[in-house]
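This report concerns only the one structure given below.
The values are calculated or read from the model by the stated rules, or taken from the named source; none is laboratory data. Just so we're clear, the structure is a prediction, and the values are computed from it rather than from any experiment. So basically every Cβ, Gly included, is an ideal-geometry build from the backbone, and we count neighbours across all protein chains shown.
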Amino acid sequence: MDYRFTDEEESFRAEVREFLRAELPEDWDFDPFELTEDKWDFARQFTTKLATKGWVAPAWPQEYGGQGMPYMQQVVLSEEIAYHRAPNTSLIGVTYAGPTIIVYGNDDQKKQFLPGITSGGIVWCQGYSEPNAGSDLASLQTRAVKDGDDYIINGTKIWSSNAHKANWCFFLARTDTEAPKHKGISYFITPMDAPGISVRPLVNMADEHVFNEIVFDNVRVPVKYLVGEENRGWYIGMTTLDFERSNISTAAQYRRTFEQLVEYVKQQGARSEEPGNGAASNGSRDGTQAKLAELAIENQVGRYLSYRVASMQSRGQIPNYESSAAKVYHSEYGQRLAGAGLQIMGMHGTLREESKHSRMRGRFARTYLTSIGSTIAAGTSEIQRGIIAQRGLGLSRI
Ligand SMILES: Cc1cc2nc3c(=O)[nH]c(=O)nc-3n(C[C@H](O)[C@H](O)[C@H](O)COP(=O)(O)OP(=O)(O)OC[C@H]3O[C@@H](n4cnc5c(N)ncnc54)[C@H](O)[C@@H]3O)c2cc1C
């Protein structure tokens, strides 16, 4: 397989970079986990600018608000957005909610939701996990009971990222309590301002409010927001997860973080060579260079795993164990990268405030803490390894 980009793709990359240089503040350093109000407002405005250029989901067909661009151009765009840490409040819509609606939604749902994603108007959250249903998601207890033209929803969802910012939610609920557990689940969409929905904040160990609990108390969801057939939601929900785990831009995001770390080590090395400066060495003796070389190679491997997934998507396939492999790899790489950065910077790296003692405003300490959750979110590494073993390698279930 030839992973090189074509001239057309490279010239599109240059155009995207130009746009990002013009639109992002010079010192912009967005971290999706650092959703302060001013950053969120900027993120919404920036997404609207992407939408105006038709760059939220450029590979989608024009009828859905896309531009019908070749899929690899969308890959280039995602890479550049991630590398430059540009915000995109339509990310869930483009990467997994929208693709699921394209595959399983009816015409009315496509007409309503897809242009809402490409215009930047819809911000999604995902309501899958429950207090007693995570890895074993099929044991979820949230109930949906049909009542005329509505379903009445009762239950509690947990760890829902961005639910406090989202205006729409896609979620799974049990519609048949008698059927085997995978076969009694349906897939729904609801506006977040529907009466009976309340969102409670959960603060992660980096002391940031990113995820939430969502309580459904007799919430009415119109039948028109059932996606696919009743009781077939498990299979739709799994397709969403396949798309979610595909996230092709993560390698680019980590490449930027890695380059910043290399830059930091170089600067420290240069300072240590100044006469009379006792700053840390550039690390050749303590193994830092070898560690960085290893991380550089691993980053490249992650990039190719992403391209494999992207190449399947560009052919209209839905990657499955391939996405799981990429997801495990990226999330574990992120932890190694953050750990290496923290080790290199020492205690200075843990200070978040701007000061002469802090290093990169504590970016690596924050990434270290938030990266712990990345091997849990969208299915834990153990679950991904199970998928790779069974579906990728054809091994039997233990
Ligand atoms: C940062 C973050 C964001 C998230 N965002 C969302 C979101 O937006 N929406 C949403 O619905 N959920 C979200 N989640 C929840 C996430 O999907 C679950 O936490 C995850 O699926 C694990 O479920 P659990 O927490 O119940 O852990 P458990 O399922 O209880 O797992 C506990 C441990 O047991 C292991 N384990 C469980 N079953 C097996 C098995 N069969 N084989 C081997 N090991 C096993 C797990 O790997 C894990 O180590 C998020 C989580 C995090 C950390």
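So, in region 347-377, of the ones that are at positive phi and either within 16 Å of the ligand (Cβ to nearest atom) or surrounded by 19 or more Cβ atoms within 10 Å (Cβ to Cβ) (or both), which residue ends up modelled with the lowest pLDDT? First the steps, then the outcome.
In the first step, residues of region 347-377 are kept if they are at positive phi; the result is 360-362.
Now restrict to residues that are either within 16 Å of the ligand (Cβ to nearest atom) or surrounded by 19 or more Cβ atoms within 10 Å (Cβ to Cβ) (or both): 360, 362.
Details: MET360: 84, GLY362: 87.
By that ranking, first place goes to MET360.
Can you confirm whether PHE243 is closer than 27 Å to ILE102 by Cβ and assigned to a helix (DSSP H, G or I)? Steps first, please.
On the way: closer than 27 Å to ILE102 by Cβ: yes; assigned to a helix (DSSP H, G or I): yes.
Against the criterion (closer than 27 Å to ILE102 by Cβ and assigned to a helix (DSSP H, G or I)), PHE243 qualifies.
Among the listed residues ILE185, ILE152, which satisfies the condition of being over 23 Å from the mean Cα position of the chain (by Cα), within 14 Å of the ligand (Cβ to nearest atom) and either surrounded by 21 or more Cβ atoms within 10 Å (Cβ to Cβ) or not assigned by TED's automatic domain parsing to the domain that holds ASP107 (or both)? Steps first, please.
On the way: ILE152 fails: within 14 Å of the ligand (Cβ to nearest atom).
Step by step, each of ILE185, ILE152 is checked, and only ILE185 is over 23 Å from the mean Cα position of the chain (by Cα), within 14 Å of the ligand (Cβ to nearest atom) and either surrounded by 21 or more Cβ atoms within 10 Å (Cβ to Cβ) or not assigned by TED's automatic domain parsing to the domain that holds ASP107 (or both).
For region 158-172: of the residues being under 24 Å from TYR104 (Cα atoms), more than 9 Å from the ligand (Cβ to nearest atom) and not polar (S, T, N, Q), which is surrounded by the fewest Cβ atoms within 10 Å (Cβ to Cβ)?
TRP168
Against the definition (surrounded by fewer than 23 Cβ atoms within 10 Å (Cβ to Cβ), part of a helix (DSSP H, G or I) and not assigned by TED's automatic domain parsing to the domain that holds PRO99), how does GLU259 come out, yes or no?
Working: surrounded by fewer than 23 Cβ atoms within 10 Å (Cβ to Cβ): yes; part of a helix (DSSP H, G or I): yes; not assigned by TED's automatic domain parsing to the domain that holds PRO99: yes.
Considered against the rule, which asks whether it is surrounded by fewer than 23 Cβ atoms within 10 Å (Cβ to Cβ), part of a helix (DSSP H, G or I) and not assigned by TED's automatic domain parsing to the domain that holds PRO99, GLU259 comes out as yes.
Wholly within region 181-235, which strands (runs of 3 or more DSSP E) include no fewer than the required count, namely at least 3 residues that are over 24 Å from GLN109 (Cα atoms) and modelled with pLDDT of 95 or more? Break it down into steps so the answer makes sense when it comes.
Numbers: elements: 185-191, 197-203, 209-222.
Here the list reads 197-203, 209-222.
Considering only region 12-27, state which residues are free of Cβ contacts under 8 Å to residues at least 12 places away in the same chain and either closer than 22 Å to GLN300 by Cα or of a type in the set (A, V, I, L, M, F, W, C) (or both).
ALA14, ALA22
Can you tell me which residue among VAL103, VAL75, VAL94, VAL56 is in contact (Cβ under 8 Å) with a residue 24 or more places away in the chain, more than 22 Å from ARG303 (Cα to Cα) and either of a type in the set (A, V, I, L, M, F, W, C) or surrounded by fewer than 24 Cβ atoms within 10 Å (Cβ to Cβ) (or both)? Before you say what the answer is, go through the steps one by one.
Numbers: VAL75 fails: more than 22 Å from ARG303 (Cα to Cα); VAL94 fails: more than 22 Å from ARG303 (Cα to Cα); VAL56 fails: more than 22 Å from ARG303 (Cα to Cα).
Going through VAL103, VAL75, VAL94, VAL56 in turn, just one is in contact (Cβ under 8 Å) with a residue 24 or more places away in the chain, more than 22 Å from ARG303 (Cα to Cα) and either of a type in the set (A, V, I, L, M, F, W, C) or surrounded by fewer than 24 Cβ atoms within 10 Å (Cβ to Cβ) (or both): VAL103.
Of the residues GLU332, GLU382, GLU322, which is charged (D, E, K, R) and away from the ligand (no atom under 15 Å from the Cβ)? Even if it seems obvious, please write down each step before you answer.
Numbers: GLU332 fails: away from the ligand (no atom under 15 Å from the Cβ); GLU382 fails: away from the ligand (no atom under 15 Å from the Cβ).
Criteria check complete, one pass: GLU322.
Inside region 318-354, can you point out the residues that are farther than 20 Å from ASP207 by Cα and part of a loop (DSSP other than H, G, I, E, B)?
Hits for region 318-354 are ILE318, PRO319, ASN320.
Scan region 106-143 for residues that are within 16 Å of the ligand (Cβ to nearest atom) and either surrounded by 15 or more Cβ atoms within 10 Å (Cβ to Cβ) or touching a residue at least 40 places away in the same chain (Cβ under 8 Å) (or both) and report the count. Even if it seems obvious, please write down each step before you answer.
Filtering region 106-143 for residues within 16 Å of the ligand (Cβ to nearest atom) gives 122-142.
Those left that are additionally either surrounded by 15 or more Cβ atoms within 10 Å (Cβ to Cβ) or touching a residue at least 40 places away in the same chain (Cβ under 8 Å) (or both): 122-130, 133-135, 137-140, 142.
The total comes to 17.
Of the numbered conditions (1) more than 16 Å from the ligand (Cβ to nearest atom); (2) among the charged types (D, E, K, R); (3) more than 19 Å from the chain's Cα centre (by Cα), ARG308 satisfies every one except a single condition; which is it?
(3)
Counting residues that are in contact with a Gly (Cβ under 7 Å, 6 or more places away or on another chain), which helices (runs of 4 or more DSSP H) fully inside region 1-108 reach at least 1? Explain how you work it out, then say what you get.
Working: elements: 7-23, 37-52, 71-83, 98-104.
Counting at least 1 such residues, we get 37-52, 98-104.
Would you be able to say whether some residue in region 217-226 is surrounded by fewer than 20 Cβ atoms within 10 Å (Cβ to Cβ), basic (Lys, Arg) and in contact with a strand residue (DSSP E or B) (Cβ under 8 Å, 6 or more places away or on another chain)?
yes
Report, by residue number, each residue of region 339-375 that is free of Cβ contacts under 8 Å to residues at least 60 places away in the same chain and within 19 Å of the chain's Cα centre (by Cα).
If the condition is that a residue be free of Cβ contacts under 8 Å to residues at least 60 places away in the same chain and within 19 Å of the chain's Cα centre (by Cα), then TYR368, SER371, SER374, THR375 are the ones that fit.
Which residues, counting only those in region 59-72, are surrounded by fewer than 22 Cβ atoms within 10 Å (Cβ to Cβ) and among the hydrophobic types (A, V, I, L, M, F, W, C)? Before the answer, list the steps.
Within region 59-72, the first condition is being surrounded by fewer than 22 Cβ atoms within 10 Å (Cβ to Cβ), and the residues that meet it are 59, 61-65, 67-72.
Within region 59-72, ALA59, MET69, MET72 qualify.
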